């Protein structure tokens, strides 16, 4: 059996994952989408003081001391605003392919 050209797995650094997640978190806050996303992800923020919201958000995605970036990515991909946009793009691609 021959190996297909596979990219070597690159170990992500914990800080890279946290920085990526922080960027999304910041966008959720700026865009006013934080509560929509956290409701979708099952993150309870109702009694959390504002200065602790990031900690609760981050801790929701922390497993064994590291960010579970796959869980976060799944929550983002299945969140209504992102998921609906993916469907729109798929429909556009499908229509374009039929016209060609």
Would you mind telling me which numbered condition in (1) at pLDDT below 95; (2) more than 14 Å from the chain's Cα centre (by Cα); (3) surrounded by 12 or more Cβ atoms within 10 Å (Cβ to Cβ) residue 82 fails? (2)
Single condition residue 42 does not satisfy, out of (1) closer than 21 Å to residue 17 by Cβ; (2) surrounded by 15 or more Cβ atoms within 10 Å (Cβ to Cβ): (2)
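The values are calculated or read from the model by the stated rules, or taken from the named source; none is laboratory data. Since this is a predicted model, take the numbers as computed values, not measurements. Using ideal geometry, Cβ is built from the backbone for each residue, glycine included, and neighbour counts are taken over all protein chains shown.
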